[in-house]
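Asks: This structure is in structure tokens; I'll ask about it shortly.
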Amino acid sequence: MSRIGRAPISIPSGVNVDISKSNLVTVKGPKGQLSEKVDSDIIVKLEEGELTVSRPTDQPRHRSMHGLYRSLINNMIQGVNEGYKLDLELVGVGYRASNTGSLLELIVGYSHPIYFVVPSEVSVSTKTEKGSNPTIMLESHDKQLLGQVAAKIRGFRKPEPYKGKGVRFTGEVVRRKAGKTSGKK
């Protein structure tokens with residue numbers, strides 16, 4: 001048995017889980033509502049405030065889906081209850097970020113600013129303080145969407161290995177390379 005898939009998920013107060021006949025798991029909570037279609041072979045049961053995920057056989061296909069769906073459902077429950085946060089920082093001279101509502105404006109070393117419309121499920125805010133790098137804060141109840149939006153923003157200017165300039169996750173370590181050595185010897 002999968003150690004992750006075998007672990008029961010405790011449902012906190014204020015969170016409502018509904019499992020339909022077609023294996024559609026819907027989770028409602030104070031932060032929002034999420035739903036996930038679970039494969040028809042995987043069995044999802046709700047008993048006494050705990051949700052369990054089980055598989056019918058030990059086929060590799062069932063084994064791989066067992067832990068996956070348990071993790072997805074757990075992320076949904078945690079998201080609608082507490083939410084998720086991700087911070088990105090812009091490292092480079094003249095790099096700036098600002099937002100008006102859900103429109104994010106990035107100036108990251110190109111000849112033009114980059115405008116990015118953040119989905120309505122994700123809230124965005126920017127912070128620029130003297131002496132520190134500009135920061136983009138993202139918050140959402142959907143962990144998958146949050147990661148996808150953060151990866152898209154990071155993709156506009158990935159950190160480069162020579163000077164370390166670019167958009168990176170806060171706390172991300174960028175491996176640095178040595179530059180060219182001096183001319184002829």
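Asks: Please list, ordered by first then second residue, the pairs with beta carbon atoms under 8 Å, 6 or more apart or interchain, first in segment 157-182 and more than 25 Å from residue 107 (Cβ to Cβ), second at pLDDT 90 or above and open to solvent by less than 60 Å² (accessible area, probe 1.4 Å).
Replies: From segment 157-182, the pairs are 175/161; 177/161.
Asks: Further question: Taking segment 77-117, which residues are among the basic types (Lys, Arg) and without any contact (Cβ under 8 Å) to a residue 40 or more places away in the chain?
Replies: Within segment 77-117, 96 is the sole residue that qualifies.
Asks: Could you tell me whether residue 135 is β-branched (Val, Ile, Thr), under 30 Å from residue 34 (Cβ atoms) and at pLDDT below 95?
Replies: It is false that residue 135 is β-branched (Val, Ile, Thr), under 30 Å from residue 34 (Cβ atoms) and at pLDDT below 95.
Residue-wise test of (1) open to solvent by 50 Å² or more (accessible area, probe 1.4 Å); (2) more than 27 Å from residue 120 (Cα to Cα); (3) touching a residue at least 40 places away in the same chain (Cβ under 8 Å).
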position: 15; (1), (2), (3): no, no, yes
position: 18; (1), (2), (3): yes, no, no
position: 21; (1), (2), (3): yes, yes, no
position: 24; (1), (2), (3): yes, no, no
position: 28; (1), (2), (3): yes, no, yes
position: 36; (1), (2), (3): no, no, yes
position: 41; (1), (2), (3): yes, yes, no
position: 53; (1), (2), (3): no, yes, yes
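Asks: In segment 70-100, which residue that is closer than 29 Å to residue 15 by Cβ and small (Gly, Ala, Ser) is least open to solvent (accessible area, probe 1.4 Å)?
Replies: Per the criteria, the residue is 79.
Asks: Of all residues in segment 105-161, which are aromatic (Phe, Trp, Tyr) and either surrounded by 14 or more Cβ atoms within 10 Å (Cβ to Cβ) or closer than 21 Å to residue 174 by Cβ (or both)?
Replies: Applying the first criterion (aromatic (Phe, Trp, Tyr)) to segment 105-161 yields 110, 115-116, 156.
Hits for segment 105-161 are 110, 116, 156.
Asks: Please count how many residues of segment 162-181 are crowded, with 17+ Cβ neighbours inside 10 Å and of a type in the set (D, E, K, R).
Replies: 2
Asks: Considering (1) hydrophobic (A, V, I, L, M, F, W, C); (2) in contact with a Pro (Cβ under 7 Å, 6 or more places away or on another chain); (3) assigned to a loop (DSSP other than H, G, I, E, B), say which one residue 106 fails and leave the rest.
Replies: (3)
The values are calculated or read from the model by the stated rules, or taken from the named source; none is laboratory data. Note that the coordinates shown come from a computational prediction; the quantities given were computed from them, not determined experimentally. Cβ sites come from the backbone with ideal geometry, for glycine too, and all protein chains shown count toward neighbours. Note: areas computed on protein heavy atoms with side chains; ligands, DNA, RNA excluded. Shrake-Rupley method; radii C 1.70, N 1.55, O 1.52, S 1.80 Å.
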